[in-house]
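For reference, the structure is listed below as structure tokens.
The values are calculated or read from the model by the stated rules, or taken from the named source; none is laboratory data. It should be emphasised that the depicted structure is a prediction, and the values quoted were computed from it without experimental measurement. Positions of Cβ are backbone-derived with ideal geometry, glycine not excepted, and every protein chain shown enters the neighbour counts. The accessibility values were calculated without ligands, DNA or RNA, using every heavy atom of the protein model including side chains. Shrake-Rupley method; radii C 1.70, N 1.55, O 1.52, S 1.80 Å.
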Amino acid sequence: MSWRRRVTHEIAFCRLEITASFPSVASLFLRKQQDERLTVTHGRGSAHRIKSASTPVFIELPEGKPAPVTWGQHAIWDAMADLDGQDQQFNLSWIISLPASSTPLAVHRAVCVLVQRHESLRSVYGKAADGTVWYRPVGRVYIPVRWLEASDEEAGEVAEKFASETKSHRFRHESEPPLRLAVVGTSGNPRLVVFVVSHLATDFEGLRLVERELIQLLERDSSESMPPAPALLELTRLQRSERGRRGGERSVNYWVKTLRKAPPMSTDPALGDLRSPRHWKGSLVSKALPGAVGVLARESRVSSAAVVLAGVSWTVGRYTGTHQPCLMVMFNNRQREPYRSSVSPVALEGLFTVDTSGADLVEIARRAAYASLSTYCYAQYSKPELLTRIADSGADHTPLNRACWFNDLRLNHEPPQTGQVEDLEREIERSVFRWVEQTDTHGHEAITIHLTERGDCWEVTMSADTAVLGPRSIQNALRELELAFVEAARNCQSEPHGAPAR
């Protein structure tokens, strides 16, 4: 297709009305509405640009008393508040491929069931004068749905661009449902559904559950085999129960004890280079990373997640002057009911620390696998209570000990395919570094590392306060992380040692 070709796709706009029963009129997409259009423009050197009018959908709050949110939602609310009106950074997107037999009516019915089942998708949120963060389910909610017509070749790209654009607009949580939808279709047949949601409503594991349930509804046209989805109040009551309070207290005690024992973390002033904007994010896309991690997972007999934790800890420790750095790591804690059947965000950060001294990455990975068990066990708590205890106990003796974050966002945590070490070394030359963001709007994080998949490559990003790590240090740290994995893979014995633990 010519880069200069301009392709215009008609976009229809409708309101998806969710009530206690299915609407009698099953027309989901209004094909003749002319005042909303999606324009996809091809320009030399740039990807598709989506232009679409977007009218916020507001709802009338029902009568009733609001209820307190869960621990995870409260922590997210406070983190969003720190961003001074730029909380669109907490918006999430998820694209779901639909079964070939899907029809607009079937998609409509399935989405209705999902929003009925899960309160967090149809609630409004706010904060009371006493500091309580509350939610209120809405009995009648209007959710914007857009139909994006695309060719077979363009469907995925159109969905991605819609998700990217829509995520950039913040939700008005006190008056707007935390969900926006689009359906990408070809010749009137739905192919993809795009969910854009506020992090207050769900997390990535919750979106995986949304995908599984949507496909099940489309294939079986029934929710009878699904376990009941818990109400948010059920989760809140569990957390505030005697059992929940005891678990929360154990978690807080672990945090305080670990932080007080942890060596202080600080960076050499020479590594900083204060810039404006202050926070810079660099990205390294590498095909060598997954292959090297696969070799190390096989050699150490632990999961690829543990191997990655080991490498990130080693890198952060090098740049913060300690052999036992602290990392804030997100854990979703959905291994038991009722959390397993809830899309509501239950993820909270866990405190991870591992000794990186006197060992290679294989041994550090084994240590990391063991250390992560404590991180997981003690990652459910009331964050306001945790912060109070940390301050009162003096466990915040160095701010950087709670300002380094790592988030493994890979969808597939199976051990990566291993390759020849010589190939991995050649792939390093093909890795691509680029700057992806500079901003003054940031939370309390001084260093943040994210890992995602991009086809057969991995993308690792590092955001840092340039007063702590300047641009050159950020780029060097990402390159050193990649090189450390590849060199450790080279040092491993060539004979296979059995499959890694999962």
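Tabulated results
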| quantity | calculated |
| --- | --- |
| Segment 165-301, relative contact order [Cα under 8 Å, separation at least 6], % | 10 |
| Under 13 Å, Cβ to Cβ, from residue 474 - net charge with Lys/Arg +1 and Asp/Glu -1 | +2 |
| Net length gained if the chain between residue 363 and residue 84 were fully extended (0.36 nm per residue, minus Cα distance) | 96.2 nm |
| Cβ-derived FRET efficiency at R0 41 Å, residue 226 paired with residue 433, nearest 0.05 | 0.40 |
| In order through segment 382-395: 3J(HN,Hα) via Karplus (6.51 cos²θ - 1.76 cosθ + 1.60), integer Hz, x for Gly, Pro | 8, 5, x, 5, 4, 5, 5, 5, 4, 5, 5, 8, x, 6 |
| Under 14 Å, Cβ to Cβ, from residue 84 - net charge with Lys/Arg +1 and Asp/Glu -1 | -2 |
| Derived scalar couplings ³J(HN,Hα) [segment 239-254; Karplus, 6.51 cos²θ - 1.76 cosθ + 1.60; whole Hz; x for Gly, Pro] | 5, 8, 6, 4, 4, x, 5, 5, x, x, 5, 4, 5, 4, 4, 4 |
| Local electrostatic count, residue 279, Cβ distance below 11 Å [Lys/Arg +1, Asp/Glu -1] | -1 |
| Estimated inter-spin distance, residue 452 and residue 208, nm [label 7 Å along Cα→Cβ] | 1.7 |
| With every protein chain in place, segment 84-229: carbon and sulfur % of accessible area (1.4 Å) | 45 |
| Centre separation in Å (Cα based) which lies between segment 95-163 and segment 347-379 | 36 |
